[in-house]
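A short write-up of the structure that comes next.
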Amino acid sequence: DAKTQYSQLKYLLRKQRKFLVHVRLYRPTASILCKVYFQRNPHNILSMRVDALALLLTMANIRANTQVMIIDHALGLVVAAIAERMQGCGRILNMFTGHTPSQVEMAKFLNLSNENMDVIKHVPMHFLPMVDKPDDPNDDDSLPVSYAIPSLI
């Protein structure tokens, strides 16, 4: 009671500035995810900085209505950045070795629409030599539906 109302208000404002936590929410983008992963776990994205990602997208001439073939080992950061830039127009062939595609968790983090996610096709590397071969209706060794290469290209 000995303090004036003004000094009490001043004291409260000082404490709020010191201890109040401010949170700013951003819509996730490939550049924001790249910055966050570079600060926390750079080895997960192959130590790729935002400027390197931007340069990669620019030099590869990534834009809408293009077809892109990529091998991504950076948690799907490059695939997600390409899908974000293409906005559902075009095709992304994410090539992988082995039996399962590499992680593309970054595309999920970006909250891309189904239209934008549908342009990403996961294709095993061992199907690559079959792309230029003509379709043979008598061939019993057909590709699984999810890896239907002739319909992709």
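The values are calculated or read from the model by the stated rules, or taken from the named source; none is laboratory data. Quick caveat, the model's predicted, so the values are computed rather than measured. Please note: Cβ atoms are built from the backbone with ideal geometry, for glycine as well, and neighbour counts cover all protein chains shown. Quick note on the areas: whole protein, heavy atoms, side chains included, nothing else; ligands and nucleic acids left out. Shrake-Rupley method; radii C 1.70, N 1.55, O 1.52, S 1.80 Å.
Every test in (1) closer than 21 Å to Phe38 by Cβ; (2) of a type outside the set (Asp, Glu); (3) at pLDDT 90 or above; (4) in contact with a Leu (Cβ under 7 Å, 6 or more places away or on another chain) is passed by Met69 save one, and that test is (1).
Scan the stretch 15-30 and report the pairs whose first residue is within 20 Å of Ala107 (Cβ to Cβ) and whose second residue is among the small types (Gly, Ala, Ser), with Cβ atoms within less than 6 Å and a gap of 6+ or a chain change. Pairs found: Ala30/Ala80; Ala30/Ala81. Of all residues in the stretch 40-92, those satisfying the criterion of being surrounded by 14 or more Cβ atoms within 10 Å (Cβ to Cβ) and among the polar types (S, T, N, Q) are Asn44, Thr66, Gln87.
Summed over the stretch 1-59, the residues that are outside any loop (DSSP other than H, G, I, E, B) and among the charged types (D, E, K, R) give a count of 8. Picking from residues in the stretch 93-110 that are under 13 Å from Leu77 (Cα atoms) and in a loop (DSSP other than H, G, I, E, B), the one that is most open to solvent (accessible area, probe 1.4 Å) is Gln103. Across the stretch 77-134, the qualifying residues are those that are charged (D, E, K, R) and within 16 Å of the chain's Cα centre (by Cα), and the one among them that is farthest from Pro42 (Cα to Cα) is Glu115.
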